[in-house]
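Asks: Got a structure here, written out as C-alpha cells. Questions coming.
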Amino acid sequence: MAFLTYSSILMEISNSCRESSIQTTPAVYPVPMPAIAPPPMTTPDALKAFGALAQESRLAIYRLLVEHAPDGLPAGVVGEVLGVPSATLSFHLKELLHAGLVTSRRDGRFVYYSAALETVDNLMSFLTANCCAASRRSRARATAAHR
C-alpha cells in the first residue's frame with residue numbers, strides 16, 4: 001500500500017535533527033485501508049453456532065436480540081420479555097457469547113447484549129459456499145458430451 005510523505009517538512013526536520021545529532025526515520029501518513037473481512041467460518045465454528053441455536057430459549061433470545069439490533073437490550077429486559085429466570089438467562093447468554101452469536105457491553109450498571117449479525121452472515125456464507133457446484137459440473141459434462 002502506498003504512503004504519502006511530506007518531503008519538505010521531513011527535510012527540515014532531518015536537517016534540524018542532524019544539527020542536534022538526533023536519529024530520525026521519515027514520518028509517513030498511511031493511506032486508509034479498507035475494512036478487513038472476517039475470516040471465513042470453519043466447520044467447528046458452524047457447529048458451535050448451530051449447537052447454541054439448537055435450544056428453544058437460546059433461539060428465542062437470539063431472535064429477540066435481532067429485533068433490537070444493533071443496539072441490543074439489557075440482560076434484565078431480555079429475561080423479562082421472554083420470562084426466563086436470571087440464572088437460566090445467564091447460562092444461555094454465556095452459550096450464545098461462546099458461539100460468537102452475541103456480544104456484550106457494560107453501560108453503567110447494565111450489561112447490554114446485541115446480536116452479532118456478522119456471525120450469522122458468515123454462517124449463511126459457509127452453508128452456501130458450494131451452492132450449485134455439482135449442478136454446474138453436471139451441466140458442463142452434458143454440454144461437452146453434446147459437442
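The values are calculated or read from the model by the stated rules, or taken from the named source; none is laboratory data. Remember, it's a predicted structure, so these values are computed and weren't measured experimentally. So basically every Cβ, Gly included, is an ideal-geometry build from the backbone, and we count neighbours across all protein chains shown. Ligands, DNA and RNA are stripped out before the accessible areas are found, and what is left, the full protein with its side chains, is counted by its heavy atoms. Shrake-Rupley method; radii C 1.70, N 1.55, O 1.52, S 1.80 Å.
Asks: Taking the mean number of other Cβ atoms within 10 Å as a proxy for protection, how do you rank 123-132, 91-100 from highest to lowest?
Replies: Highest mean packing first, the order is 91-100, 123-132.
Asks: Express in nm, to one decimal, how much length is gained between R63 and D121 on full extension, taking 0.36 nm for each residue of separation and deducting their alpha carbon distance.
Replies: 19.4 nm
Asks: Kindly state, to the nearest 0.05, the FRET efficiency for A129 paired with Q55, given R0 = 30 Å and r defined as their beta-carbon distance.
Replies: 0.70
Asks: Under a 1.4 Å probe, what is the accessible area of the stretch 54-147 per residue, stated in Å²? Display every interim value, and only then the final one.
Replies: Details: 6260 Å² over 94 residues.
Per residue, the stretch 54-147 has 67 Å² of solvent-accessible surface.
Asks: Using protein chains only and a probe of 1.4 angstrom, how many square angstrom of S86 are accessible, to the nearest 10?
Replies: Approximately 100 Å² for this residue.
Asks: Any idea what the dipole of the stretch 43-110 comes to, in debye rounded to 20, about its Cα centre with Lys/Arg Cβ at +1 and Asp/Glu Cβ at -1?
Replies: 180
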